[in-house]
Amino acid sequence: MIDAKGIKKKVNSIISYTGLAVLAIAGTAACSHADAPSKEPVDYVNPYMGNISHLLVPTYPTVHLPNSFLRVYPERHDYTGDRLHGLPLIVTSHRGSSAFNLSPFQGNTADLQPVISYSYDKEVIKPYAYSVYLDEQKVGVDFAPSHQSALYQLDFEQNSPISIVVSSRNGALRWDGKALSGHQSLANHTKVYIYLETAEAPVKAAVLQDNALVDGNEAEGRNAAMVLQFADGVRQLGLRYGISFIDETQARENLRREIKDYDLAALKNAGREAWNEALGKIQVAGGSPDDQAVFYTSLYRTFERPVNISEDGRYFSAFDGKVHNDEGIPFYTDDWIWDAYRAHHPLNVLIDTEKESHIVHSFITMASQMEHFWLPTFPEITGDSRRMNSNHGVATLLDAYVKGVKGFDLEKAYEAAKKGITEKTLAPWSGAPAGELDRFYKEHGYIPALREGEEETIPEVNGFERRQPVAVTLGTSYDTWCLAQLAKALGKDDEYEYFLQQSFNYRNLFNPETHFFHPKDTKGEFIQPFDYVFSGGLGARGYYGENNAWVYRWDVQHNIPDLIALMGGKEAFVKNLDDMFNQPLGKSKSDFYAQLPDHTGNVGQFSMANEPSLHIPYLYNYAGQPWKTQKRIRTLLKQWFRNDLMGVPGDEDGGGMSAFVVFSKLGFYPVTPGTPSYSIGSPTFERAVVHLPNGKAFEVIANNVSETNKYIQSAKLNGQPLLMPWISHEAVSQGGTLEFEMGDKANTSWGIEVPNE
């Protein structure tokens, strides 16, 4: 542990080092714009990128408008799946299945099922539209969404009567003679409602029960299904529908507000405009067509979550099971903060400050609606699932605050974060109150580890999870650093000192002999024998979390200078970084991934496929060798993010990883959310323009850049020499120009200066 005086001295150096306010160079430059691309931004988006997984969950080719809760994608086993399982009406969560399903049909009604499996061809997916041909049924399908409603156009080629099956997996449906309405029950007393109309009136409605048609207007239960049958001669059918989390009436109102007719072309054009507006916040020029496709596809992914669930000024909250007025501030949920705090939220701060203000306000509102005033950690449509480890929502609060985001109550934000960290257990995947594990942490400054085979006895540890003691200790050290900064901003000096001291708890698990963070038992003894690759069981969760010790070796984002000092200085720090990228797997791929399935996208022991690794390539900057960051970033982008079906290395959790690509291709990255600065990498494009919410623009120019010319020779910010590999958020947010001269060999003299430690 460190004494109070030592803490004060150290924190001053941290702030001067990571805040880097000194890099705000006076002066402004004329706001210039990138050369207009030959296509509009949405035309570069490839929703199929990453649809075949390297090992775990692939990306989904999602059709939706930016941050809207109505989203769909084709239901099949995976990209190579040969059958579509009906047509989706809404997917209620990222990676979820459709709540309602639509199945067009011509043929013997004895073959009807709640969800019909189709052979298909000619599929085309754009962010704002979907089309496919059901080749055996000979039905053309065309679809476009709005925010809370959508429209299908079905074209039938066969000369036989048509039927439409609408099903709910677990709910109820009702036909009232004019429209079909109903709901599906989700988890935690949450329901999603539908209201659906057809351009042609059906001649009959019936219930599909045990694969047979039964007279009736209502269906309820598992696979509840209604069948609408149409007159002979109907060959084209439009279906429009609204979705709501409030009730059926609101679903109807959402439809009426957004889709007033069956004009599919107009709806597609509106969707296209919405996407071009969102993606056009950043314009890029230069690079290859694939570079631009990867960039805009990654940017598109960052608009998948969180989702705005306000409906005409109201929203249903699963956090207390009630309908609320939103008081003019849209309510956002479905935000996997453990992934998103690292780069996704900082990207929102940069290009959509108002949206990020609404998101942060939503976090605080969620806390007030739950049983305890605890900041959420993994808010979803159905409430806070408390997944993963640590409480990194506090980093999102701090990052927004220090970068000037307004519109939320900082005092309430701080209290919700403090209570979430000090009153809720630190045990991962748990929403239980603090208990024995937390009392130990408070007294000793680390989470104690169990030895291999030792049985878990602490009740607050989730039954299917493990303690993840190193991951939780490191993550909580960062979280309490964030708490300390918020306390300081609020003038709570005693709490600032208290949480600042806790922010050094990572030191308690640092093994000075090995330079790894090493689990300790309750007696304070390092667990031995120990393998930094494989100890910890499945996912290394006995000690770490999804990634092994090689990744968590660098999980001290808030105090990188101190980590360098612990490792014995910059030379040793760089050697340890180099070793990570060179260390072999240690087993066959099949054995390695059988134990560490999330630890994919490997370069040595580095995992490009998991979020705790995202900041690591930028750490060379802090040790005076930024050319290695430039080389590594370019190599990683080329190796793992490509414009093809396997072009994403691992789980892309709705924008968490894609935001890394967006920043890195621009040439800078937020290594430490909660500090107003960015670490410089290697720009990909000749010119990029970030259109800022304040009406200004920040331009990045990379002269002579190419695939081989990836090394920075010199840099200027607003015409003044930039000698360190950082820029402040203030410099970016006020608009201006960052200009690089690029070359094919490293300039080992540029950017080697760092602030005094």
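The values are calculated or read from the model by the stated rules, or taken from the named source; none is laboratory data. The structure presented is a predicted model; accordingly, all values stated were derived computationally and were not measured. Cβ: placed from backbone, ideal geometry, glycine included. Neighbour counts: every protein chain shown.
Name the single residue, out of those in segment 294-303 being in a helix (DSSP H, G or I) and of a type in the set (S, T, N, Q), that is nearest to the chain's Cα centre (by Cα).
This residue is SER298.
Each row is one residue, and each column tells you yes or no for (1) in a strand (DSSP E or B); (2) buried (at least 23 other Cβ atoms within 10 Å of the Cβ); (3) without any contact (Cβ under 8 Å) to a residue 12 or more places away in the chain.
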{"site": "ARG305", "(1), (2), (3)": "no, yes, no"}
{"site": "ASP320", "(1), (2), (3)": "no, no, no"}
{"site": "VAL323", "(1), (2), (3)": "yes, no, no"}
{"site": "ASP335", "(1), (2), (3)": "no, yes, no"}
{"site": "ASP339", "(1), (2), (3)": "no, yes, no"}
{"site": "ARG342", "(1), (2), (3)": "no, yes, no"}
{"site": "LEU347", "(1), (2), (3)": "no, yes, no"}
{"site": "LEU350", "(1), (2), (3)": "no, yes, no"}
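Being charged (D, E, K, R) and either more than 32 Å from the chain's Cα centre (by Cα) or surrounded by fewer than 21 Cβ atoms within 10 Å (Cβ to Cβ) (or both), is that true of even one residue in segment 529-537?
First, pick out the residues of segment 529-537 that are charged (D, E, K, R): 531.
Okay, now just the ones that are also either more than 32 Å from the chain's Cα centre (by Cα) or surrounded by fewer than 21 Cβ atoms within 10 Å (Cβ to Cβ) (or both), so 531.
Taking every residue of segment 529-537 in turn, at least one turns out to be charged (D, E, K, R) and either more than 32 Å from the chain's Cα centre (by Cα) or surrounded by fewer than 21 Cβ atoms within 10 Å (Cβ to Cβ) (or both).
Which residue, of ALA285, ALA265, is among the aliphatic types (A, V, I, L, M) and either over 14 Å from PRO41 (Cα atoms) or free of Cβ contacts under 8 Å to residues at least 60 places away in the same chain (or both)?
Testing whether each residue is among the aliphatic types (A, V, I, L, M) and either over 14 Å from PRO41 (Cα atoms) or free of Cβ contacts under 8 Å to residues at least 60 places away in the same chain (or both) leaves just ALA265.
Can you tell me which of VAL307, VAL294 is in contact with an Asp or Glu (Cβ under 8 Å, 6 or more places away or on another chain), within 20 Å of TYR60 (Cβ to Cβ) and of a type outside the set (S, T, N, Q)?
VAL307
Give the residue that is surrounded by the fewest Cβ atoms within 10 Å (Cβ to Cβ), with candidates limited to residues of segment 213-226 that are more than 38 Å from the chain's Cα centre (by Cα) and of a type outside the set (Asp, Glu).
Among those that are more than 38 Å from the chain's Cα centre (by Cα) and of a type outside the set (Asp, Glu), it is VAL214.
Evaluate the following for ASN269: is it assigned to a helix (DSSP H, G or I) and either among the hydroxyl-bearing types (Ser, Thr, Tyr) or surrounded by fewer than 19 Cβ atoms within 10 Å (Cβ to Cβ) (or both)?
Considered against the rule, which asks whether it is assigned to a helix (DSSP H, G or I) and either among the hydroxyl-bearing types (Ser, Thr, Tyr) or surrounded by fewer than 19 Cβ atoms within 10 Å (Cβ to Cβ) (or both), ASN269 comes out as yes.
Only one of (1) crowded, with 19+ Cβ neighbours inside 10 Å; (2) under 14 Å from PRO145 (Cβ atoms) fails for PRO114. Which number is that?
The number of the failed condition is (2).
Return a yes/no flag: does segment 411-425 have any residue that is among the aliphatic types (A, V, I, L, M) and closer than 14 Å to VAL472 by Cβ.
yes
From (1) crowded, with 18+ Cβ neighbours inside 10 Å; (2) in contact with a Phe, Trp or Tyr (Cβ under 6 Å, 6 or more places away or on another chain), pick out the condition that doesn't hold for LYS122.
Status for LYS122: all satisfied but (1).
Residues that are of a type outside the set (A, V, I, L, M, F, W, C) and at pLDDT 95 or above: which strands (runs of 3 or more DSSP E) entirely in segment 149-250 hold 3 or more of them?
149-156, 162-175, 180-185, 191-198, 218-229, 236-244
Restricting the search to segment 493-546, which residues are among the aliphatic types (A, V, I, L, M), under 21 Å from HIS444 (Cβ atoms) and part of a loop (DSSP other than H, G, I, E, B)?
ILE527
Looking at segment 599-641 only, could you name the residues that are surrounded by fewer than 21 Cβ atoms within 10 Å (Cβ to Cβ) and either modelled with pLDDT under 95 or part of a loop (DSSP other than H, G, I, E, B) (or both)?
GLY604, GLY624 - these are the residues of segment 599-641 that are surrounded by fewer than 21 Cβ atoms within 10 Å (Cβ to Cβ) and either modelled with pLDDT under 95 or part of a loop (DSSP other than H, G, I, E, B) (or both).
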